[in-house]
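Worksheet: one structure, shown below.
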Amino acid sequence: MRNDVSFQDLERELERGVLPAWVFSDGRVYEWERERIFKRVWHFLAHESEIPEAGDYVVRYIVDTPVIVVRTEQGVRAHVNMCRHRGAPVCRGERGRSRVFRCPYHGWTYSNSGELVGIPFREQIYADPGRIERELSLPLVRVQSYRGLIFGTLSERAPSLEEYLGESTWYLDLFGCRGLDLEVFGDPERWTLSANWKTAAENFGVDNLHILSTHGSLIVELEQFPFRQEYLLGPTNFVAYFPGRGHAIAVNRPFPGMKFVGVPEPLIAKMEAEAPEQAPYLDGLSTVVGTIWPNLSLLTVVQPLGPYPVGQGETPRYWTIRVWQPMGPTQMQVWSWCLVPRGMSEEQKRKSFQAYRLSFGVSGTFEQDDAEVWKGITELAASLGGREVRLNYEIDGAEGPWSGQQLNGAPGVIRPYVTEAGARNFWRTWLSYLRGGEG
């Protein structure tokens, strides 16, 4: 654990396009991240389709804090899963339906909206049980939603979710949150990686160059031509990032003349009707991938279950969102959801889920490729000979406006598809939070 971290030195190095490898492994840095980042930002917790009825709940995490996300008669609420008597968890299940949560230690009982409603022998053991019940509700977590995505924060001072997301919502809509009426298919998958959470978050937000090397054998084997060089560097592909926020999203459109390949035509028509300003970007659309800072990533991509070429209505597409949950400086837990449009047939949903599992599920081919690299980065970043090595982030070093295709209405700073501008923005935001700012 380092005792000589200088934020000014880090800032100067980042301006030169380099960072020390120990940012991926240092224990003191991780403790700063817990207090200065994760205690203050908005975290993705659940999708509204996971808790459709009053009383439905799931237990999720903000770093190491278990949070009950529940739909009450008054709407979605969230509470720290911690009894106010001795601090034991009041909910032992991961999901279910309940009107109350009862602590297994001394029997304190809370309504699903968080109020303390029952204490054994309350009149006999407390002088003023009414005051105890009024004052000792479950710790509240602020929650707000965007088109079905439920976020929570531990900070009362955090900006609204709308302000926090900013114009990145345009890309959440293009991803499918607007018009497709996405819902979770199956339970979220979870697995543990011996890797720092930032290796994954910066990869999705957005490292498009790694596709040709890390996944090269799969691309050749599966004949996945949209990921070859000419399609990565094409003029219709671009990256957008948001200075001061850390969010970055990439859009890949290698199929001119075909709209949002893999989406049934009636659903495409619905998207165009609800968001006509985005209709031009559906043409040729293969991939939307990115990171909502700090650790929520999203991906939708057309994924044949066999070789290309593709057909408009016959090729599966999947949607996944995932949280890179820190479990220490050198370990994370991956939470991964598969989403599907409600308007798809059951057969189309099944094929979409199958394509997701084959690529980015817990044993997915692309997932395994990435995990092995991220593990190696983390190990070397902690090693005696590797921790002081400076890592290079200079691809597309010029930060001026992109001179490529004119992008009418697409927000953010627009760059070519192969760039490290999004990664540099990720790290600038990270450094700003560590120094006490917000982006």
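Read the figures in this text as sums done on the coordinates, not as results from a lab. All of these numbers come straight from a predicted model, not from anything done at the bench. Here the Cβ is made from the backbone with ideal geometry for all residues, glycine too, and neighbour counts use every protein chain on show.
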Worksheet item: In terms of Cα to Cα distance under 23 Å, which lysines are near enough to Lys39, apart from those fewer than 8 places away along the same chain?
Response: Lys198
Worksheet item: Taking the Cα-to-Cβ direction at Arg16 and at Ala54 and moving 7 Å from each Cα, how far apart do the two end points lie in nm?
Response: 6.3 nm
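May I ask you to derive the FRET efficiency for Val117 and Asn392 from their Cβ-Cβ distance with R0 = 51 Å, giving the value to the nearest 0.05?
Values: r = 58 Å, r/R0 = 1.13.
Result of the calculation: an efficiency of 0.30.
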Worksheet item: Any idea how far apart Glu277 and Arg92 come out in nm if each label point goes 7 Å out from Cα toward Cβ?
Response: 5.1 nm
Worksheet item: With +1 on each Lys and Arg Cβ and -1 on each Asp and Glu Cβ, how big is the dipole of the chain about its Cα centre, in debye rounded to the nearest 20?
Response: 1080 debye
Discussion item. Charges on Cβ only, +1 for Lys and Arg, -1 for Asp and Glu, centred on the Cα centroid of the chain; of Gly262, Phe121, Ser155, which one is farthest towards the dipole's positive end?
Written reply: Phe121
Discussion item. Assuming 0.36 nm per residue, please report the length gained on full extension of the stretch Leu233 to Thr109 beyond their Cα-Cα distance.
Written reply: 38.8 nm
Item to complete: Evaluate the distance, in nm, between pseudo-label points positioned 7 Å from the Cα of Ser383 and of Arg435 along their respective Cα→Cβ axes.
Response: 3.2 nm
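Taking the Cα centre of region 44-145 as origin, sum charge times position over the Cβ atoms of Lys and Arg (+1) and Asp and Glu (-1), and report the length of that vector in debye to the nearest 20.
Computed about the Cα centre, the dipole is about 160 debye.
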Worksheet, complete the sentence: Cα-only Rg/Rh for region 168-434 with Kirkwood Rh rounds to 0.95
Item to complete: Counting helices only, and only those DSSP H runs with n ≥ 4, report the 222 nm mean residue ellipticity of the chain as the sum of -39,500 (n - 2.57) divided by its residues, in deg cm²/dmol to the nearest 500.
Response: -7500 deg cm²/dmol
Worksheet item: Out of every Cα-Cα pair in region 44-145, what percent are more than 22 Å apart?
Response: 26 percent
Worksheet item: With +1 on each Lys and Arg Cβ and -1 on each Asp and Glu Cβ, how big is the dipole of region 29-75 about its Cα centre, in debye rounded to the nearest 20?
Response: 260 debye
